[in-house]
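The values are calculated or read from the model by the stated rules, or taken from the named source; none is laboratory data. Note that this is a predicted model, so its numbers are computed, not measured. We place every Cβ from the backbone using ideal geometry, glycine too, and count neighbours over all the protein chains shown.
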Amino acid sequence: MPSILFLDRETISDEPGFFRDLNLDQVANRVFAGMDEWKPLFYTALTTPEAVMQRQRVMRDIEHADVQATLQEFTTVMRDIESLRHRAETTYYPLQRHLWFLEAAHTYCQMVERLVVELADGGRLESDGLRAVLHYALEYVASDGFRNFVRETATRREELGAIRYGLHIRGNMVTVSSDEDTADYRRDIEETFDRFRQQTVVHKAKALSAPPDMNHVEAQILERVARLNPDPFKNLAAYVEKYHERFVDQGIAQFHFEVQFFLKYWEFMQSLTPNRLAFCYPEIATDGGAIYVYNGFDMALADKLSQVGRVPIGNDFALRDLERMAVVTGPNQGGKSTFARMVGQVHHIARLGLPVPARSARLLVCDHIFTHFESGEPSPHVDGKLADDLRRIRAILDEATSQSLVILNEIFSSTTLKDAKFLGEQILARIAAKGARAVVVTFIQEWAVFNEKTVSLVSEVLPDNPSRRTLKILRKPASGRSYAMVLAQQHGLTYQEIKERIGNASGLDASRTGV
C-alpha cells in the first residue's frame, strides 16, 4: 500500500525541543487525545516541498463531505473490528471466540468493499495519495485471496444461520434438542408484513459493539448446539485457524492508521472554525523570497478560549525581499510571546502538510525550528541561569542554517541591561551571518534597527489609554513612550502625581513650587 503520509521512508521523530515553547505539546494532546500512537507523526516534519504539497492534496480531498463521511465510517468500523478481535482473543469460551471472529471478518469484508465503491464513485479524488490507495484497494478486492475469504466467510455464516434447535426449560433444567420438526414461522411473518414496506432498505457496514461475554449457562447451551451440529462448528474452527494470523490486509491496516492522522486534525480544525477562525493551505515558498502570515493565531490559546466562547486576536507577520529578522518590542502582557508562538506554530504545521491557523500564508519548509523561551525555572547548573542560556543559544547557533527559523523570547532578562545588549548583539550578528529567519521578542529597543534586514514590530496600546493593550502586533518603529507611560502610571510616577506628592509633602501649593 502506498503511503498517504510520506513520499519516502521517514525517520519518525521524538517530541521536538521547541514543542513546549510553542505550546504545540498542548495542541498534540488536544488533537490526539487518547491516541498517543499518532503523536510521533505530529512531531515528524516533512523535509521537501513536494512531500508537503502531496499531503496538502490529500487533505483537500478529505475536505469533501462525501469522502470524509466514507473515511470516518471506515475508520470507525475498523477500530471496532480491532476491538472485537482483541476481545475474541481474550474471551474464555472458545466457541464464542470463533463466532466473534467470524462476525468481525464479515464486517471487514463489507467495509472494504464499501470503501472501494465509495471512493471510486464519481472520480472525486484528485490527490495522488488517495488515488494510489484506491488503485491498491481495487486490486486487493479483486484478488483471489480476498474473494475466497469473502466466499468462505459467507459460507460459514450461512451454515451457522441454518442451524435450528429447541430449548426446553423446566425449573433449573435446560434441555437442548434438534428442532427439525418445528415449523419456522419467519418466512410467513416476513410475507405478511412485506406489504407495509415503504422503501428499500440499504444495508451499510455498521460499527460493531461486542456483546457481553456469555455466562456459564449460555456457554453450555452453545456447546450442546455444537454437539448436535458438529460440521458447521468444525468448519468454523478450521476457518478461524486458517485466517486469524492474516485477517486484515497489511495495506488496508496501514491506510487505516495513516488516514486517522488527517481526520483527527480536521476534527480539531472544525472545533475552532465556528468561532470565526480560519485555516488555510499555505503557499510553499520553494524559491525563497518573502514569507508571510495574514491573520494568524495561536492554536493552543484559541482552543482554551473556545471553551468560554472567546477568540484570540489575529496578527500579521511578514519578512519581505531581503528581510530576515523581526524584532518585537512593546509593553508586557501585550501579546508578544503569543505572536512569536503563532509564527513558530504555522511553520511547523506547514511542514506537516496540514492547513495552518491563518487567513493566508506563504511559508518556507524550514529545515529546523529553534526556540529559546524564558521558563522562569531556576537553572539546573551550578554556574547559573545566564550560563545556561548561553549554552542553549550556542547549541542553536551551531546548528542553524539559512533555511532555519529561530525564535528568541526575552533572552538575558536575568542579567544587566548593559550585558544583555552586548550579548544579544553578538547573537543577532551570528544569526544574521547564518541568513536564518528569526523572530526576537525583547525589551531592548535598539535591536529593532540592528541592520538593514531587520523589521521592527510593536505591541500596540490604545492611544488614549496606554495601559490598555490591543494585542495587535504592528510593523512600525520601536518607541518606548507608551511603555514608559504605563510604567509611570503603575508606580504613581506621572508628572501630575509627582507634582501632587511634592506639594503634599511640603505643605505648599504644588502650582507654586516651580515644578
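Please verify whether Gly334 is in contact with a Leu (Cβ under 8 Å, 6 or more places away or on another chain) and either assigned to a loop (DSSP other than H, G, I, E, B) or farther than 27 Å from Phe262 by Cα (or both), treating the condition exactly as stated. Spell out the reasoning first.
Numbers: in contact with a Leu (Cβ under 8 Å, 6 or more places away or on another chain): yes; either assigned to a loop (DSSP other than H, G, I, E, B) or farther than 27 Å from Phe262 by Cα (or both): yes.
Yes.
Of everything in the stretch 301-344, what is of a type in the set (Ser, Thr, Tyr) and under 24 Å from the mean Cα position of the chain (by Cα)? Give them in sequence order.
Scanning the stretch 301-344 gives Ser306, Ser337, Thr338.
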Selection from the stretch 412-466 of residues that are hydroxyl-bearing (Ser, Thr, Tyr) and under 10 Å from Met325 (Cα atoms): Thr454, Ser456
Residues (of a type in the set (A, V, I, L, M, F, W, C) and either assigned to a strand (DSSP E or B) or modelled with pLDDT of 95 or more (or both)) located in the stretch 437-457: Ala438, Val439, Val440, Val441, Val455, Leu457
Restricting the stretch 287-315 to residues that are touching a Gly at 6+ places or on another chain (Cβ under 7 Å) and in a loop (DSSP other than H, G, I, E, B), the residue that is surrounded by the fewest Cβ atoms within 10 Å (Cβ to Cβ): Ile313
Members of the stretch 452-477 found to be among the polar types (S, T, N, Q) and in contact with a Lys or Arg (Cβ under 9 Å, 6 or more places away or on another chain), listed by number: Thr454, Ser456, Ser459
Residue count, the stretch 101-111 (criterion: over 17 Å from Ala69 (Cβ atoms) and either among the polar types (S, T, N, Q) or not in a helix (DSSP H, G or I) (or both)): 1
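Rundown of residues vs (1) surrounded by fewer than 19 Cβ atoms within 10 Å (Cβ to Cβ); (2) more than 25 Å from Gly161 (Cβ to Cβ); (3) not assigned by TED's automatic domain parsing to the domain that holds Met59, yes/no style:
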{"position": "Glu89", "(1), (2), (3)": "yes, no, no"}
{"position": "Tyr93", "(1), (2), (3)": "yes, no, no"}
{"position": "Ala104", "(1), (2), (3)": "no, no, no"}
{"position": "Thr107", "(1), (2), (3)": "no, no, no"}
{"position": "Arg114", "(1), (2), (3)": "yes, no, no"}
{"position": "Asp121", "(1), (2), (3)": "yes, yes, no"}
{"position": "Ser127", "(1), (2), (3)": "no, yes, no"}
Selection count where residues are assigned to a helix (DSSP H, G or I) and within 28 Å of Thr286 (Cβ to Cβ), scope the stretch 1-57: 17
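Residue-by-condition table, conditions (1) in contact with a strand residue (DSSP E or B) (Cβ under 8 Å, 6 or more places away or on another chain); (2) in contact (Cβ under 8 Å) with a residue 24 or more places away in the chain; (3) crowded, with 24+ Cβ neighbours inside 10 Å; (4) not aromatic (Phe, Trp, Tyr):
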site: Gly330; (1), (2), (3), (4): yes, yes, yes, yes
site: His347; (1), (2), (3), (4): yes, yes, yes, yes
site: Ser360; (1), (2), (3), (4): yes, yes, no, yes
site: Asp388; (1), (2), (3), (4): no, no, no, yes
site: Arg392; (1), (2), (3), (4): yes, no, no, yes
site: Ala395; (1), (2), (3), (4): no, no, no, yes
Every pair of residues 6+ apart whose Cβ atoms lie under 9 Å, when the first sits in the stretch 112-124 and is outside any helix (DSSP H, G or I) while the second is surrounded by fewer than 14 Cβ atoms within 10 Å (Cβ to Cβ) and acidic (Asp, Glu): Arg124/Asp66
Qualifying residue in the stretch 365-383 (condition: crowded, with 23+ Cβ neighbours inside 10 Å, outside any loop (DSSP other than H, G, I, E, B) and of a type outside the set (Val, Ile, Thr)): yes
